[in-house]
Amino acid sequence: MFRLISIKEVTKETGITVRTLRHYDHIGLLPPAAKTEGGHRLYGEVELQKLQEIQFLKTLGFSLKEIKDMLSNNDWDWAECLRNQLTFISQEKEKLAQIESTLRGLLNGLTMDGQIDLIKIQKLIQLYQKNKDKREIYRNQMFQEKETALLDLLPNVNSGDPDSLEWVSLLGQLKQHKDEGAGSIRIQRIIRRMYEKQEETFGNNNDAFLDKFWEIRKSPKKSQDAGFYPIEPEILKFLEEASEIYVSNRRDVHHQ
């Protein structure tokens, strides 16, 4: 004789709430094996096994309606169903990756700008997605084949890698202390670290690429076409001014 247990015992063994089990019964997904004279639900081994199947399919992302159809239909096409679910999960994964990238961009934008402009970010994302092919064409026109690989080394505001985060932090510090002047000690320390990171990333033999990148970066239109994160022209002008002071000071030190 098989054993029947109460709904509370099922809850104790499985961790699934009484409310959930009652809901499964109500929608016809998991009716109890029997009921007591007082109307209390009783479950057997068959129901417990089916409950495990339900919970497993839920972890795969299937809805309760889908699970009900899958478990009640002996002719159910499991292969097609699993393929469809895999496609759905892959699409959701891509969406989550985009959301993750956007959140990182917002955090890094906050670090650089000191504020969040949601409308600006939304327009930037839409522009980036719509003009992806156009961006690749523009980059291929502007940069030689060997230089396109160097583009992947540029800091990405939507990334969480340490190099990108340091660039974001340096630019944020530059903006924060801009009022101290391009030749101030603090600003020059920031510029020095920028030059050190530039050498660490690109070496000393890619001046032509960096010059080309900087010319594009200084133009809002060209930067947009290339898909670069927008930086205010006054900040770029200040960065250029501070860089010229740094290079000049370093040159003077070498000539002494």
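The values are calculated or read from the model by the stated rules, or taken from the named source; none is laboratory data. Quick caveat, the model's predicted, so the values are computed rather than measured. Here the Cβ is made from the backbone with ideal geometry for all residues, glycine too, and neighbour counts use every protein chain on show. Only protein heavy atoms, including side chains, enter the accessible area calculation; ligands, DNA and RNA are left aside. Shrake-Rupley method; radii C 1.70, N 1.55, O 1.52, S 1.80 Å.
Points worth noting:
- Output for region 201-220, where each listed residue is in a helix (DSSP H, G or I) and more than 26 Å from the chain's Cα centre (by Cα): D207, A208, F209, L210, D211, K212, W214, E215, I216
- Residue ID - modelled with the lowest pLDDT, chosen from residues in region 32-64 that are within 26 Å of E92 (Cβ to Cβ) and in contact with a Leu (Cβ under 9 Å, 6 or more places away or on another chain): L60
- Lone qualifier among I231, I235 - being at pLDDT below 85, under 19 Å from G109 (Cα atoms) and aliphatic (A, V, I, L, M): I231
- Considered as a group, the residues in region 129-156 that are open to solvent by less than 60 Å² (accessible area, probe 1.4 Å), assigned to a loop (DSSP other than H, G, I, E, B) and farther than 21 Å from S243 by Cβ include one that is modelled with the lowest pLDDT, and that residue is N131.
- Within region 16-26, the only residue that satisfies the criterion of being closer than 17 Å to E53 by Cβ and open to solvent by 60 Å² or more (accessible area, probe 1.4 Å) is H23.
- Only a single criterion out of (1) assigned to a helix (DSSP H, G or I); (2) in contact with a Phe, Trp or Tyr (Cβ under 8 Å, 6 or more places away or on another chain); (3) free of Cβ contacts under 8 Å to residues at least 24 places away in the same chain; (4) open to solvent by 60 Å² or more (accessible area, probe 1.4 Å) is not satisfied by R192, namely (3).
- Test: S159 is assigned to a loop (DSSP other than H, G, I, E, B), within 25 Å of the chain's Cα centre (by Cα) and without any contact (Cβ under 8 Å) to a residue 60 or more places away in the chain: yes
- Residues that are open to solvent by 50 Å² or more (accessible area, probe 1.4 Å) and either in contact (Cβ under 8 Å) with a residue 24 or more places away in the chain or touching a helix residue (DSSP H, G or I) at 6+ places or on another chain (Cβ under 8 Å) (or both) within region 39-48 comprise H40, R41, E45, listed in sequence order.
- Flag if S223 is outside any helix (DSSP H, G or I), among the hydroxyl-bearing types (S, T, Y) and surrounded by 15 or more Cβ atoms within 10 Å (Cβ to Cβ): no
- So S248, is it more than 26 Å from Q144 (Cα to Cα), of a type in the set (G, A, S) and in a helix (DSSP H, G or I): yes
- Count of residues meeting criterion [part of a helix (DSSP H, G or I) and open to solvent by less than 70 Å² (accessible area, probe 1.4 Å)] in region 56-69: 4
Each row is one residue, and each column tells you yes or no for (1) surrounded by fewer than 13 Cβ atoms within 10 Å (Cβ to Cβ); (2) in a helix (DSSP H, G or I); (3) of a type in the set (D, E, K, R).
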{"residue": "V10", "(1), (2), (3)": "no, yes, no"}
{"residue": "G28", "(1), (2), (3)": "yes, no, no"}
{"residue": "E37", "(1), (2), (3)": "yes, no, yes"}
{"residue": "K50", "(1), (2), (3)": "no, yes, yes"}
{"residue": "I54", "(1), (2), (3)": "no, yes, no"}
{"residue": "L71", "(1), (2), (3)": "no, yes, no"}
{"residue": "A79", "(1), (2), (3)": "yes, yes, no"}
{"residue": "L96", "(1), (2), (3)": "yes, yes, no"}
{"residue": "I99", "(1), (2), (3)": "yes, yes, no"}
